[in-house]
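Chemist: Submitted below is the structure of interest, expressed as structure tokens.
The values are calculated or read from the model by the stated rules, or taken from the named source; none is laboratory data. Please read all numbers here as calculations on a predicted model, not as lab measurements. In this analysis, Cβ positions are derived from the backbone assuming ideal geometry, glycine residues included, and neighbour counts consider all displayed protein chains.
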Amino acid sequence: MLNLDKRIDEERCFELFEVDNLIELGMLADLKRQELHPNSEPVTFVVDRNINYTNICSCKCKFCAFYRNKEDGYVLDYQTIKAKIDELVAVGGTQLLLQGGLNKDLPLEYYTNLISNIRRDFPALTIHAFSPPEISFIAKENNISPKELLQELVLYGLSSIPGGGAEILSDEIRTKISPNKISAREWLNIMETAHEIGLSTTATMVFGVGERPEHIIEHLLKIRDLQDKTGKFTAFIPWTFQPKNTELGSGDIYYSSGYDYMKVLAISRIVLDNIPNIQASWVTQGLEVAQLSLSFGANDFGGTMLEENVVKSAGVEYKTTIDEIVKTIKRAGFTAAQRDTAYNIIKTYS
């Protein structure tokens, strides 16, 4: 078994990928998880909803089944969004995940009015909104810097930003699967800017898009390096590419298995020694695999996702409830607890 007393460098990252025994790798990840989150701590989850305010997108990533052209797409008005948030709050939700396509027809006022209206009507809600590609796009469309945009959105009520749009932080891969999207460096720069002005963020990785281990390692080390600098990533969420209905999925592309997911999840926990939380992805893997993830380095079950559209459009539609999540966590031998976006415990289920 590999020694985890020293920080894992690039060479040892490759050694992790060469471990054939998945159980051994899972045990290593579980040991690292226990250093940060002893078994006496609960496994957490957040009650949230993901609202996609528009599916019109000029980026047209090859791995995406969600985007539409203007003639086939939609833009949600505030009253529609408010009705969805009312449903979230009614079930005890605390986090609104707000993301959308890169829509050239939306003025800056659409975003600022949206955030200010939500903050006015739901003052206690965490507005976890606009991933780095959205921030970059909105800023460029309005001839302002990402920092200026973020500062303005914070004034209107933005709480934090999600880690979407990272995919694989290697431009060799990005130019193949999302040539119109921001570069790896731009993604990292926007996250660093968000951290500098006091915003916490998450970080994600989508794998199974034809990358090799060196690309995943590049991604993980870039995330770790930025976390060393800022300390504002609250969680890391790796998940697998869902190929159905996508341009990328119609070609000769590698399909990730549950084995692949567990391996990358475990390696992520081992390498990202400075990121406190690793989320399981029941949205893409289902509850049973997510439950197993709790023995492979994950300490958080993510969100209840009252609404999810992007993965659903790729043909994967797992659904769950608070009760199911609690039962799933308990069956894995842990206490379950509802948290907020900042990982403060709201309710523990004994």
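Chemist: Counting just the residues of the range 39-73 that are of a type in the set (D, E, K, R) and touching a helix residue (DSSP H, G or I) at 6+ places or on another chain (Cβ under 8 Å), which one comes out surrounded by the fewest Cβ atoms within 10 Å (Cβ to Cβ)?
Modeler: The residue in question is Lys62.
Chemist: Next up: Taking Ala139 as the residue in question, decide whether it is farther than 18 Å from Glu152 by Cβ, hydrophobic (A, V, I, L, M, F, W, C) and without any contact (Cβ under 8 Å) to a residue 24 or more places away in the chain.
Modeler: no
Chemist: Here's something else I'd like to know. Could you tell me whether any residue of the range 234-254 is in a loop (DSSP other than H, G, I, E, B), closer than 16 Å to Thr204 by Cβ and at pLDDT below 95? Outline the logic, then answer.
Modeler: Our first condition is that a residue be in a loop (DSSP other than H, G, I, E, B); within the range 234-254, this holds for 241-247, 251-254.
Narrowing the set further to residues that are closer than 16 Å to Thr204 by Cβ leaves 241-242.
Remaining after also requiring at pLDDT below 95: 241-242.
Yes.
Chemist: Residues that are of a type in the set (Gly, Ala, Ser) and either in a helix (DSSP H, G or I) or at pLDDT 95 or above (or both): does the range 206-223 have at least one?
Modeler: The answer is no, given that none of the residues of the range 206-223 is of a type in the set (Gly, Ala, Ser) and either in a helix (DSSP H, G or I) or at pLDDT 95 or above (or both).
Chemist: When the range 179-195 is examined, which residues are found to be closer than 26 Å to Gln95 by Cβ and assigned to a loop (DSSP other than H, G, I, E, B)?
Modeler: Within the range 179-195, Lys181, Ile182 meet the criteria.
Chemist: Only one of these conditions is not met by Glu167: (1) surrounded by 22 or more Cβ atoms within 10 Å (Cβ to Cβ); (2) part of a helix (DSSP H, G or I). Which number is it?
Modeler: For Glu167, the exception is condition (2).
Chemist: Let me ask you something else. Quick check on Leu31: is it assigned to a helix (DSSP H, G or I), among the aliphatic types (A, V, I, L, M), under 22 Å from the mean Cα position of the chain (by Cα) and at pLDDT 90 or above?
Modeler: No.
Chemist: What do you reckon, is Leu36 touching a Leu at 6+ places or on another chain (Cβ under 7 Å), crowded, with 16+ Cβ neighbours inside 10 Å and farther than 21 Å from Val283 by Cβ?
Modeler: Considered against the rule, which asks whether it is touching a Leu at 6+ places or on another chain (Cβ under 7 Å), crowded, with 16+ Cβ neighbours inside 10 Å and farther than 21 Å from Val283 by Cβ, Leu36 comes out as no.
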